[in-house]
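Asks: This is the structure, below, for whatever I ask next.
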Amino acid sequence: MMNWGTELWDQYDNLALHTLKGIDFLERYGHFVKDRATIEFDYAFKLRRLCKSYQPKKKEEDEYHQYTSCRAFKILTDEVNDLAGQHEVIAEDLQSKVIKELNALVKDLREERKKQLQEGQRLTQILQTQLDTLQRSKKAYDKAFRDAEKALDNFQKADADLNLSRAEVEKQRTNYQYKTQICDTTKNEYAQQLQRTNELQRQHYRSGLPEVFRHLQELDEKRIKNIKNFIYSSVKIERNVFPIINKCLDGILKASDIIDEKDDSKMVIERYKSGFEPPEDIPFEDLSKSGSDSGSTHIVNNIQPSNKIKDGVYTVKGTISGKAMRKRTGIFQIFGNRGLTEVCMAIKHAAISDGKDDMSDLPPNQRRKKLAQKIADLKAKVAQESAARDGLMKMKSVYEANPALGDPMTVEGQLNESSHRLEKLQMELKRFQGYLEEALKNQNSSSNSANNSPRLINGSRHHRNSGGSAAEEESLSRSASDSSVTNPTVNHNKQSVPGTPQLNNHGCSNSPESGLGTSHTSLPGVDSDPDQYDGHHVDPESEYYEADLLPAIGTCKALYPFEATSEGSIPMAPDELLHLIEMDQGDGWTRVRKMNGECDEGFVPTSYIETTLLDT
């Protein structure tokens with residue numbers, strides 16, 4: 001086994017520097033793990049923020065619950081959020097199981113290295129002191145030896161010189177003997193110091209310093225081994241979350257499997273289907289078979305809206321000029337100005353409140369869907385409340401059979417409240433079931449009358465299976481219009497279907513093309529002349545006219561696309577902005593004007609728009 005003490009006995013300084021660099025490297029690895037944990041935390045935080053930013057908004061929740069692709073995306077964001085949690089687990093385990101232990105190890109290694117280096121310095125200092133002592137003793141021995149040799153040389157010269165006295169010779173002898181004695185003493189001292197130095201040096205290089213180097217070697221090997229363990233721990237921490245990460249990825253794959261383009265297409269149909277019938281084919285108009293009067297009427301009634309302003313007067317299709325408006329308001333004088341206004345406003349408020357409750361403001365198909373959903377919710381509430389009431393009744397019977405268990409009167413109040421709530425829920429369920437039956441009945445009647453619906457031919461109404469002439473149909477339509485005007489509440493009480501003109505009991509349409517819609521211009525609030533209207537005749541020239549451009553009372557936004565299939569109505573695209581000219585007066589139609597600068601004006605279904613009135 002390779003040992004630093006025997007192989008590197010003379011590399012104290014290099015070993016001290018090596019161990020210092022090793023501990024610095026370990027500390028650097030700790031900084032790496034710490035920075036990686038920070039990155040894992042940041043990644044998890046950004047993943048969570050990403051998922052949160054792509055969560056559906058409140059207005060988008062319906063789509064996320066309906067379409068398979070949206071539901072899959074919602075599951076995907078949830079799984080990615082779980083992935084973020086696993087990265088947080090990695091960061092937390094790295095901090096607690098790696099970084100914390102690594103910092104403690106670095107501290108211990110630094111302290112142990114410092115201790116061993118201090119011990120090595122102490123042993124080296126002792127050896128160096130002994131070497132210095134040996135050097136001094138050797139120098140003393142060298143000096144004493146030279147002095148002894150010199151004294152011997154002087155004694156020999158004095159003893160050979162006959163001229164010197166006996167006393168001088170004896171003096172040189174005594175000096176020689178003294179110097180020889182000192183030389184022997186320093187020689188013995190040098191020998192002892194040499195023996196002591198050699199012994200200490202052997203201990204220093206064979207046991208003392210090797211022991212220090214052995215501890216430094218163990219310290220460095222411990223450092224290297226722990227780096228290996230820390231890397232294993234980091235990998236183990238990450239592998240521990242792999243099963244959960246794989247489950248998250250499997251969840252994302254399962255979420256993708258639920259995506260079905262056919263189901264989503266079907267859902268789009270269920271969500272946006274209005275239930276209206278497509279328009280019928282436009283019939284051929286043979287002007288040669290029409291009389292002179294009807295022909296002139298056809299020409300007048302078939303005038304298309306002009307895109308030009310002539311002499312400050314604009315031609316508007318399907319609306320009434322200010323002059324004609326004053327003529328038509330005469331018949332409403334029987335109610336009085338204030339009386340009719342209050343009646344119309346009451347009917348309008350009733351229609352709005354009913355629309356919020358029975359959902360009549362929605363297209364037929366959407367109305368049936370919402371009503372069915374409401375009925376299902378009410379049935380669930382009824383079943384829940386019935387179960388609660390049955391439980392209370394059983395509890396009451398048990399208390400009555402065994403009064404020791406409780407007082408039956410304590411349950412009586414709860415039972416009464418439950419019965420009251422159940423009764424209210426059943427009444428509400430019955431009411432909405434009636435709404436649904438009415439919606440289904442309207443659908444059936446609408447589909448049955450699709451092929452027999454009144455059609456506009458040259459400004460007059462024809463039935464597809466009617467053999468009468470245009471003049472006869474026009475006469476019937478006008479007499480029916482008179483009767484509907486005489487009793488204006490008929491049209492207000494009828495449920496309107498957006499996009500389709502409502503027919504009254506006489507078969508007359510309350511649509512814009514009839515010219516008799518209950519608009520605010522027909523109310524007694526406008527100057528009128530009752531003598532100009534006799535209740536049985538309407539001036540044909542007053543149905544289509546040239547009028548001054550009316551001011552806008554607000555704006556409106558198209559919620560659904562609308563195709564103009566009847567005279568007096570105008571088409572609009574989804575999200576199109578229009579000027580609001582005249583509010584809905586209970587017939588389901590609102591008068592608007594295009595914002596394209598061409599002043600195209602007409603009627604659109606009220607349920608197809610969202611209105612905003614101008615501040616007055």
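The values are calculated or read from the model by the stated rules, or taken from the named source; none is laboratory data. Since the structure is predicted, the reported quantities are computational estimates derived from the model, not experimental observations. Quick reminder, even Gly has a Cβ in these numbers, built from the backbone with ideal geometry, and neighbours come from all protein chains shown. For the accessible areas, the whole protein counts, side chains as well, though only heavy atoms, and no ligand, DNA or RNA atoms are used. Shrake-Rupley method; radii C 1.70, N 1.55, O 1.52, S 1.80 Å.
Asks: Using a 1.4 Å probe and counting only protein heavy atoms, arrange ASP93, ASP587, ASP281 so the residue with the most accessible area comes first.
Replies: ASP281, ASP93, ASP587
Asks: Test of the criteria: in region 227-288, which GluC sites (Glu not before Pro) are in a DSSP loop and have at most 14 other Cβ atoms within 10 angstrom of their Cβ?
Replies: The qualifying sites are GLU280, GLU285.
Asks: With r as the distance between the Cβ atoms of MET427 and VAL398 and R0 = 35 Å, compute the FRET efficiency 1/(1 + (r/R0)^6) and round to 0.05.
Replies: Working from the Cβ atoms, E equals 0.70.
Asks: So for the pair PHE45, GLN195, with labels modelled 7 Å out along Cα→Cβ, what separation do we get in nm?
Replies: 7.5
Asks: Follow-up. If you roll a 1.4 angstrom probe over the protein chains with everything in place, what fraction of the accessible area of region 36-147 belongs to carbon and sulfur, to the nearest %?
Replies: The C+S portion of the solvent-accessible surface of region 36-147 is 52 percent.
Asks: Something else about it: So between ILE553 and LYS381, what do we pick up on full extension, going 0.36 nm a residue minus the alpha carbon distance?
Replies: 57.5 nm
Asks: Same structure, new question: Leaving ligands, DNA and RNA out of it, work out the accessible area of MET267 with a 1.4 Å probe and give it in Å² to the nearest 10.
Replies: 50
Asks: I'd like the trypsin sites (Lys or Arg not before Pro) in region 26-69 restricted to DSSP loop residues with at most 15 other Cβ atoms within 10 Å, sorted by number.
Replies: Listed in order of number, the matching sites are LYS57.
Asks: Let me ask something else. Please compute the length gained on full extension between ASP575 and ILE231, using 0.36 nm multiplied by the number of residues separating them and subtracting their Cα-Cα distance.
Replies: Going from the current span to full extension adds 117.8 nm.
Asks: Hey, can you find the accessible area per residue of region 34-186 for me, probe 1.4 Å, expressed in square angstrom?
Replies: Value returned for region 34-186: 67 Å² of accessible area per residue.
Asks: Turning to a different aspect of this structure: For region 188-267, divide the Cα radius of gyration by the Kirkwood radius and give the resulting Rg/Rh value with two decimals.
Replies: Expressed as Rg/Rh, it is 1.76.
Asks: For LYS143, list the lysines whose Cα falls under 17 Å from its own Cα; do not include residues on the same chain fewer than 8 positions away.
Replies: LYS179, LYS187
Asks: Loop-only check: which GluC sites (Glu not before Pro) in region 554-593 are DSSP coil with at most 15 other Cβ within 10 angstrom?
Replies: GLU563
Asks: In nm, to one decimal, how far is the ASN416 label point from the THR612 one, both placed 7 Å along Cα→Cβ?
Replies: My value for the distance between the label points is 5.2 nm.
Asks: Please arrange TRP9, TRP4 by accessible surface area, largest first, computed with a 1.4 Å probe and ligands excluded.
Replies: Putting TRP9, TRP4 in descending order of accessible area: TRP9, TRP4.
Asks: Sticking with this structure for a sec: Suppose R0 equals 56 Å; then what is the FRET efficiency for ILE245 and LYS289 from their Cβ-Cβ distance, rounded to the nearest 0.05?
Replies: 0.10
Asks: Here is a follow-up. What lysines sit close enough to LYS57 to cross-link, taking a C-alpha to C-alpha distance under 21 Å and skipping anything fewer than 8 places away on the same chain?
Replies: Straight-distance partners of LYS57: LYS46, LYS74.
Asks: What accessible area per residue comes out for region 374-430, rounded to a whole number of Å², with a 1.4 Å probe?
Replies: 68
Asks: Can you give me the distance in nm between label points at GLU92 and GLU211, each placed 7 Å from the Cα along the Cα-to-Cβ direction?
Replies: 4.8
Asks: Using 0.36 nm per residue of separation minus the Cα-Cα distance, give me the extension gain between LYS58 and ILE126 in nm, one decimal.
Replies: Additional length available on full extension: 16.1 nm.
Asks: With the cut-off at 27 Å, tell me which of the pairs LYS254/LYS379; LYS370/LYS557; LYS262/LYS557; LYS52/LYS374; LYS52/LYS557 have Cα atoms farther apart than that.
Replies: LYS254/LYS379; LYS262/LYS557; LYS52/LYS374; LYS52/LYS557
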